Amino acid sequence: MGGTNIAAAVVDKSGAVLSRASLPTPRGVGAQAVASAMARAAQDAYEQGGFTLSDIASVGVGSPGTVDPEQGLIRRWYKMGFENVPITALLARALPKPIFLENDANCAALGEYAAGAGRDVRSLVAITLGTGVGGGVVLDGSIYTGFQHAGMEPGHMVVAHGGRLCACGRRGCLEAYASASALITRTREVLGLAQADGKTAFLEAKQGNPLAMQVVEEYISYLACGIVNLVNLFQPELVCLGGGVAEQGERLLTPLQDILARENYARGLPQRTRLVQAALGNDAGILGAALLPFYSHVSTGSYSLSQGS
């Protein structure tokens, strides 16, 4: 479930996507209407693959915001104004299967770790640059969610004290500077454009527009600040960037890698964290959600591979 679209897919045990569907996320409606749209997207996905509900073993859900997987609740989703929504109970009315819930960025991190850029590492931090800035961390095969499942919110780490107001209510959050939404807003402001998207500043900078170059440099500097902070906290083997802005590839990655090489606290060690583009694109969250039944909760606030599943 995203702020713009609801994506659904049927995934088999090998991680292959067999069929898929998507619907626009309803806006300005209650939680029941959103849950109904989610169920409809899931039904469309299995029907388009020629499946029936009896073919489906379980349902995995990736949701923005703070979630409680044990209670099946969306505790808070700022952008929709939702609080304490019993999402799994609402979905179960149309999808009477075991339902597993997790934050969408954690699902994306799990997908990349198990089936994408992180297949060969033991520790990974995934950052998603979309409408907001999401993230997840997998350490030694466990996805860490912290106390009350509210941890690993890199978008709400302050990178400019007293800076721009964030949707969470704080000022100076990474999300207010490094999300696609923030990039678009800044592009419009500086370039004086009525219309822009997440590619505009990079395209204009490539053409030599000095104002666009300023926007891109500023965007990269704030994003790099957040990445270096995360690396210095977790020292993962790999950081992978996903989301629409990450599709800029080397034009984004190379300057970020240069800054990380200079500012990584472990820069003097022979092996250092690698920074790469995520491999699974929009499928990372879907695959991670599909893998949730194979992960079990432990008291430390992390999820680890269930034995014998």
Practice task
Percent of Cα-Cα pairs per 20 Å bin, from 0 to the last occupied bin, for the chain, please list those.
Solution key: 33, 57, 9
Practice task
Using 0.36 nm per residue of separation minus the Cα-Cα distance, give me the extension gain between Q195 and L211 in nm, one decimal.
Solution key: 4.2 nm
Problem - Helix runs (DSSP H) in the chain reaching 15 Å along axis by Cα, Kyte-Doolittle at least -1.0 - result: 31-48, 104-115, 180-191, 210-234, 250-263
Problem - Kirkwood Rh and Cα Rg combined as Rg/Rh, region 1-113 - result: 0.94
Completion exercise
For region 110-247, the accessible surface attributable to carbon and sulfur atoms (probe 1.4 angstrom, ligands and nucleic acids excluded) amounts in percent to 50
Problem - Phi-based couplings in Hz for region 85-96 (Karplus 6.51, -1.76, 1.60; Gly and Pro marked x) - result: 8, x, 4, 5, 5, 5, 5, 4, 5, 9, 10, x
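Could you sort 126-137, 151-162, 59-70 so that the peptide with the highest average Cβ count within 10 Å comes first and the rest follow in order?
Per-residue mean Cβ counts within 10 Å order the peptides as 126-137, 59-70, 151-162.
Normalised by the number of residues in region 127-227, what is the relative contact order in percent for Cα pairs under 8 Å and 6+ residues apart?
After rounding, I find 21 percent.
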Practice task
Scan around G242 for amide H atoms under 5 Å from its own, H built in the peptide plane at 1.01 Å from N, and keep only partners 5 or more places away or cross-chain.
Solution key: I127, T128, L129, A278
Fill in the blank from the handout: To the nearest 0.05, the calculated FRET efficiency linking L53 and Q148 through their beta-carbon distance, R0 being 30 Å, is 0.35
Problem - Relative intensity, log₁₀ I(q)/I(0), of region 171-218 from a Debye sum that treats every alpha carbon as a point, q = 0.32 Å⁻¹ - result: -1.23
Practice task
Place the peptides 32-38, 15-21, 108-114 in order of packing, highest mean first, counting for every residue the other Cβ atoms within 10 Å and averaging per peptide.
Solution key: 108-114, 32-38, 15-21
Practice task
At 1.4 Å probe size, with every protein chain present, just tell me what the per residue accessible area of region 12-111 comes to in Å².
Solution key: 46
Problem - region 55-196: C-alpha pair distances exceeding 24 Å, % - result: 40
Practice task
Could you calculate the FRET efficiency of Q235 with H161 from 1/(1 + (r/R0)^6), where r is the beta carbon distance between them and R0 is 35 Å, rounded to 0.05?
Solution key: 0.90
Problem - Solvent-accessible area per residue for region 152-261 (1.4 angstrom probe, square angstrom) - result: 45
Completion exercise
With label points set 7 Å from each Cα along the Cα-to-Cβ direction at D140 and V276, the distance between them in nm comes to 2.3
Completion exercise
Rounded to two decimals, the Debye log10 I(q)/I(0) of region 79-145 (Cα scatterers, no solvent) at q = 0.16, 0.26 Å⁻¹ is -0.67, -1.04
Problem - R0 of 51 Å, Cβ-Cβ distance E70-R262: FRET efficiency to nearest 0.05 - result: 0.75
Completion exercise
Mean Cβ-within-10 Å packing, highest first, puts peptides 180-190, 206-216 in the order 180-190, 206-216
Handout entry: Residue-averaged 222 nm ellipticity for the chain, from DSSP H runs of 4+ at -39500 (n - 2.57), nearest 500
Key = -10500 deg cm²/dmol
Completion exercise
The local net charge around S22, scoring Lys/Arg +1 and Asp/Glu -1 for residues other than S22 whose Cβ lies under 15 Å from its Cβ, equals -2
Exercise for the section: For region 123-133, just list the computed ³J(HN,Hα) in residue order, Karplus coefficients 6.51, -1.76 and 1.60, θ = phi - 60°, integers in Hz, with x standing in for Gly and Pro. Expected result: 9, 8, 10, 10, 10, 10, 9, x, 3, x, 10
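The values are calculated or read from the model by the stated rules, or taken from the named source; none is laboratory data. If you're wondering where the values come from, they're calculated on a predicted model, not measured in any experiment. Note that we place each Cβ from the backbone using ideal geometry, even for glycine, and neighbour counts take in every protein chain shown. Keep in mind that these areas ignore ligands, DNA and RNA; they rest on the heavy atoms of the full protein, side chains included. Shrake-Rupley method; radii C 1.70, N 1.55, O 1.52, S 1.80 Å.
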